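These notes concern the structure reproduced below.
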């Protein structure tokens, strides 16, 4: 037998074994379905506010007559997301947007999926009719989200229905607890700092939402947090918060800044008047969340009630203690709906803002360290 014949015979002899191995390899590469969860919950998250009439849960209630609709516009930083309590195997999904007459359809956007709730990949684009469909062939899915393409914008996001084709059955659909979704991949050395800030932020989200509630208004319950080297301290724009990693490295004890930035998400207000918006955010951080670390320093000759940040925060805390414990709730509500004016201090406290400021300064001069103590304490 010549060498050529021998080689061919050996190849044919090995072929069944190779095919078997290839089959085993392909099988091992396929996703292994997780056990079917008994009490699967779908947690709804949105960086945009809504109302009870069109709440996030209505996007996953199986009824196309009901729907989610954001109160404000949607920008490319905003997210609408379903997160399952446990990963599930999904055969396919379909999302329908827009009203029954075809208006408000989402066309310049994508659907992304994640197997762990952290790393996302695109599953489908929305078509000209405002629908997106994806065949996932049993892919393991922890979260599904809608995100606009770069620089896109919508006057409002309207999600008529999200259909998830899976053997796992969703038992309940609820709004998820407020939280930050943190990404420090660009600055992994600040991971410990980022986790501490995340814990503080998440722990005070519900309380902040309670303080800043408005009737018939659901505040956002998520923000994406990114750590990057840059300038300044931190900033929040729609559904995205950026923390300067350089600041985090240099200020190990300043993780409370996350509560200030989180407050901007929950405020869901126009950025006007700036002094009140920032004053309320510092009120939440310093007067409510970490008063033990707050030592107000007021320049009694030059400071004004509308100096913003800590000065305004201290003034609001004093007014709350002496006149109306719902003052900040009411003022934020007015800012949220474009109705704020200085005359509201007289309406809620019984005295105009300049009179209140004069009393505040007198109390501060008398006992600076007790300026935020309740009367009689």
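Values in this text are rule-based calculations from the coordinates and carry no lab data. It should be emphasised that the depicted structure is a prediction, and the values quoted were computed from it without experimental measurement. All Cβ positions, even for glycine, are placed from backbone atoms using ideal geometry, and neighbour counts span all protein chains on display.
Only Cα pairs under 8 Å and at least 6 apart count here; give the relative contact order of the range 178-268 as a rounded whole percent. Working shown, then result.
Working: 141 pairs, mean separation 32.4, N = 91.
So the answer I get is 36 percent.
Compared with the dominant principal axis of the Cα atoms in the chain, helix 309-322 is inclined by about 60°. One entry in (1) 30.7, 107; (2) 21.7, 67; (3) 26.8, 111 is Rg and Dmax of the Cα atoms in Å calculated from the shown coordinates; its label is (3). State whether the range 24-135 is rounded, prolate or oblate according to the following rule on the C-alpha gyration tensor (a ≥ b ≥ c being the square roots of its eigenvalues): a/c under 1.5 gives rounded; otherwise a/b larger than b/c gives prolate, and the remaining case gives oblate. Judged from the Cα gyration tensor, the range 24-135 comes out prolate (a/c at least 1.5, a/b above b/c). Bridges between two residues of the chain, per DSSP, are antiparallel at a rate of about 75%. The calculated FRET efficiency for the pair residue 196 and residue 121, based on their C-beta separation and a Förster distance of 30 Å, comes to about 0.50.
Please tell me the relative contact order of the chain in percent, rounded to the nearest whole number, where contacts are Cα pairs under 8 Å and at least six residues apart. Walk me through the numbers on the way to the answer.
Working: 738 pairs, mean separation 53.6, N = 377.
It comes to 14 percent, rounded to a whole number.
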